[in-house]
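Report on the following structure.
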Amino acid sequence: MTADARILDRSYRSYDGPRSGLFGAMRTVTAHSMRHALGIKRRHGAKVIPVLTILLAYVPAVVFVGIVALVKNDAVKNDVLPTYPEYFGYISAVIFIFSAFVTPELLCPDRRSGLLGMYLASPLDRNTYLVSKATAVTAILSIITIGPLLLILASYTILGEGPDSPLHWLITLARIIAGGLCVAALHTSLSLAIASTTTRKAAASAVTILVIVGSGVITGVLVFGADQSVYLQLANFLRLPFESVLRVFGERTQADNGRAARLNDIPAAATIAANFAWTFVFATFVWWRYRRIQVTR
Amino acid sequence: MSADPIISGQGVVKRWGPTTALDGASFTVQHGVTGLLGANGAGKTTLLGMILGLHRPDQGALQVFGLDPMTAGAHVRERLGYSPEHHVLPGDVQAFDLVRHIAELHGLPRRDATNRASDALYAVGLGEERFRPIGTMSTGQKQRVKLAQAIAHDPQLVLLDEPTDGLDPMQRDQMLELIRRCALEFNIDVLLSSHLLEEVERVCDAVVILGGGLVVANAPLGDLQAARDAYLLDLDGDVDAVMKCLEQRLLTVTRDATQLIVEVVDDAQLDTIRDVVADVGAGIRRLERRRRSLEDVFLELLDTGQSVTGAR
């Protein structure tokens, strides 16, 4: 029998097939960056932070779904279960860690090694390269900013505890996506901006955490300690994205939440606009930084 | 294959602050292997960056495949391969993964990119090593990976920036052979940027020589050398007298001990040499064509500031 015999031709041949052009290149970079950030096909150490943070982001959601499924007492459920925007209170630290450690992984090595030059020798240019990277960061951040809430919505719906009507269900879905994107976009642009200033991943991660926590401390001291304008809280990157989610859901900081209730003095539109404005400012900074980088000379 | 130049520049000027890298460079690059020569800092890498559409000319026009790389950059770069000078490969990535990724970046579907990554790595002699992390490879192997990623997507033109940098003589020979194969077997045009004249002379069909921001030569290698052929004249007799007579006949002569080196442009001048030697009563021990090396041509062009342009 020779039917199974094959000739394996390894010679170099010309290629006449289809080429996907610019959008194909962008898709490739985005997918590759996501795989890289999630530690896929990388050493075990590179998988620890993404896997751990994603698990931690979903654990509260699983617990809450379990409570809804197992506890029949509505009063207990009302006391224990958070609203959709309140869920971010459980995972805010996870989001900080994820954006601080994963985003630099996607930008810094390309510049440090010079691989950026090879990317820019493809159909990509600086802008499309950055859009591809930002899309990758936003997409993987959305795994933890949107994913757990979608899990809760789907589970509540299956358990008969979801929104009352199909319209309400769709509105909730839209708010989950919009709120999650608010958080992901601000963290993406902020961490990319910091990563664009250094080729060292560790430095970028440290500075990202410092800026987020520092902005919270400084604005907190100014507003609540020195009694300055509450609008300074719009520069509090620790709180602004989650405050924006509250406003997207039409909720406000609870009045019994001490000094934080002063944030209710800021209109919802101003909060959400500030979220977008900071996202735009940081994105513009990244764009400006990359325009100045000399790849070859 | 079209006779149109694959790259053409007309009065290209590029300044970096107070430094003028290119000061009105005009040139064409035709099919085959073309050497891009110049001293360090002559603007070779700047020109490669402009061909890739990474830098906009301050003045002049540059076209690649008949397109402006600044306005049609994606279309131009899709058909280009690029191997940078410095070692820019990520150490923790397998050679195969990198080559496949770059092929996908240039538009190949994943299945084709996978097949061609293997083919390209086999073609450069890394078939058995293709799943090794690049960081564990030798300098020679890394240079081969850079070449493989540059050709895996079957580009029309590949730009190689100092591809033999850091290689030992044997590895250099192998790399030059691979570059020659790119043009002859794979049908890929090559623009080879190098400051090593000897290797350009070995593999290139034509050269573009940069000097002082200008193109001082842009011609087929054979034309450049043949236009300045010299003959070595070993004499038995009065060498000084022969030299004086030849100079009186307006020939360019230099003396090297008992030998004369005479620049000859056409056969009539060979007859003149014969007649002069006979008139002086000397004997010719040896009359030998001395093909000038690219180095001779290069140094003379840069010294004299002459410009040589030839058609291919």
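Values in this text are rule-based calculations from the coordinates and carry no lab data. If you're wondering where the values come from, they're calculated on a predicted model, not measured in any experiment. So basically every Cβ, Gly included, is an ideal-geometry build from the backbone, and we count neighbours across all protein chains shown.
Return one number: the angle in degrees, 0 to 90 and rounded to the nearest 10, between the long axis of the Cα atoms of helix B:239-248 and the longest principal axis of the Cα atoms of chain B.
Approximately 80 degrees, to the nearest 10.
What value in Å³ per residue do you get for the convex hull of the alpha-carbon atoms in the stretch B:91-151? It would help to have the intermediate numbers written out before the result.
On the way: hull volume 3.9 nm³, N = 61.
Considering the Cα atoms of the stretch B:91-151, their hull volume per residue is 64 Å³.
Nearest 10 degrees, 0 to 90: what angle lies between the long axis of helix A:88-113 and the longest principal axis of chain A (Cα atoms)?
Helix A:88-113 sits roughly 30 degrees off the main axis of chain A.
Helix-only estimate, please: 222 nm mean residue ellipticity of chain A, summing -39500 (n - 2.57) across DSSP H runs of length 4 or more and dividing by its residues, to the nearest 500.
Details: 11 runs with 198 residues, N = 297.
That comes out to -22500 deg cm²/dmol.
I need the Kirkwood Rh of the stretch B:130-222: take the reciprocal of the average 1/r across all distinct C-alpha pairs and report it in angstrom. Don't jump to the answer; show the numbers that get you there.
Values: mean 1/r = 0.0702 Å⁻¹.
Computed over Cα pairs of the stretch B:130-222, the Kirkwood hydrodynamic radius comes out at 14.2 Å.
Determine the dipole magnitude for the protein assembly as shown: charges of +1 sit on the beta-carbon of Lys and Arg, -1 on that of Asp and Glu, nothing else is charged, the reference point is the Cα centre, and the result goes in debye to the nearest 20.
2540 debye
Taking a threshold of 30 Å on the Cα-Cα distance, which of the pairs A:LYS47/A:LYS77; A:LYS41/A:LYS201; A:LYS47/A:LYS72; A:LYS201/B:LYS44 fall above it?
Working: A:LYS47/A:LYS77 35 Å; A:LYS41/A:LYS201 20 Å; A:LYS47/A:LYS72 39 Å; A:LYS201/B:LYS44 32 Å.
Violating the 30 Å limit, Cα to Cα: A:LYS47/A:LYS77; A:LYS47/A:LYS72; A:LYS201/B:LYS44.
Quick one: dipole size for chain B, taken about the Cα centre, charges +1 on Lys/Arg Cβ and -1 on Asp/Glu Cβ, in debye to the nearest 20. Each step should come with its number before you reach the end.
Details: 31 positive and 45 negative charges, 216 e Å.
About 1040 debye.
Evaluate the Debye formula for the stretch A:29-85 with equal point scatterers sitting on the alpha carbons, no solvent, and hand back log10 of I(q)/I(0) at q = 0.14, 0.18, 0.22 Å⁻¹, in q order, two decimals.
-0.57, -0.69, -0.82
Could you tell me what % of all Cα pairs in the stretch B:228-291 have separations over 14 Å?
Values: 957 of 2016 pairs.
Considering the stretch B:228-291, 47 percent of its Cα-Cα pairs are separated by more than 14 Å.
If you take the alpha carbon radius of gyration of the stretch B:172-231 and divide it by 2.2 N^0.38 Å, what ratio comes out, to two decimals? Walk me through the intermediate numbers first.
Numbers: Rg = 12.8 Å, N = 60, 2.2 N^0.38 = 10.4 Å.
With N residues counted in the stretch B:172-231, Rg over 2.2 N^0.38 Å equals 1.23.
In degrees, nearest 10, range 0 to 90: what is the angle between the Cα axis of helix A:126-145 and the longest Cα principal axis of chain A?
On a 0 to 90 degree scale, this one is about 50.
For each of B:THR272, B:THR254, count neighbouring Cβ atoms within 10 Å of the residue's Cβ, then give the residues from fewest to most.
Values: B:THR272 17, B:THR254 11.
Ascending Cβ contact count within 10 Å gives the list B:THR254, B:THR272.
Could you please rank B:LEU196, B:LEU37, A:LEU263, placing first whichever residue has the fewest other Cβ atoms within 10 Å of its Cβ? Let's see the in-between values first.
On the way: B:LEU196 16, B:LEU37 28, A:LEU263 21.
The order, fewest Cβ neighbours first, is B:LEU196, A:LEU263, B:LEU37.
How large are Rg and Dmax for the stretch B:1-121 when calculated on the C-alpha trace, in angstrom?
Cα only, the stretch B:1-121: 16.4, 48 Å (Rg, Dmax).
With the Cα gyration tensor of the stretch B:143-285 in hand, give its eigenvalues times 5 under a square root as the equivalent ellipsoid semi-axes, listed largest first in whole angstrom.
On the way: eigenvalues 391, 48, 34 Å².
Rounded to whole Å, the semi-axes are 44, 15, 13.
Let me check I have the definition right: for chain B, take the eigenvalues of the Cα gyration tensor, multiply each by 5, take square roots. What are those semi-axes in whole Å, largest first? Mind showing how you got there, number by number?
Details: eigenvalues 390, 104, 50 Å².
Each semi-axis is √(5λ); the values are 44, 23, 16 Å.
Report the Cα-based extents of chain A along its three principal axes, largest first, to the nearest Å.
That gives 75, 58, 36 Å along the principal axes, largest extent first.
Between Rg and the Kirkwood Rh of the stretch A:33-163, both from Cα atoms, what is the Rg to Rh ratio?
Values: Rg = 18.7 Å, Rh = 16.8 Å.
Result: Rg/Rh = 1.12.
Neighbouring Cβ atoms within 10 Å as the yardstick, rank A:PHE88, A:PHE224, A:PHE98, B:PHE186 fewest first. Provide the component values of the computation, followed by the final result.
Details: A:PHE88 22, A:PHE224 15, A:PHE98 28, B:PHE186 19.
Fewest-to-most Cβ neighbours within 10 Å comes out as A:PHE224, B:PHE186, A:PHE88, A:PHE98.
How large is the direction-averaged shadow of the alpha-carbon convex hull of the protein assembly as shown, in nm²?
Working: hull surface 163.3 nm².
Computing the convex hull of the Cα atoms and averaging its projections yields 40.8 nm².
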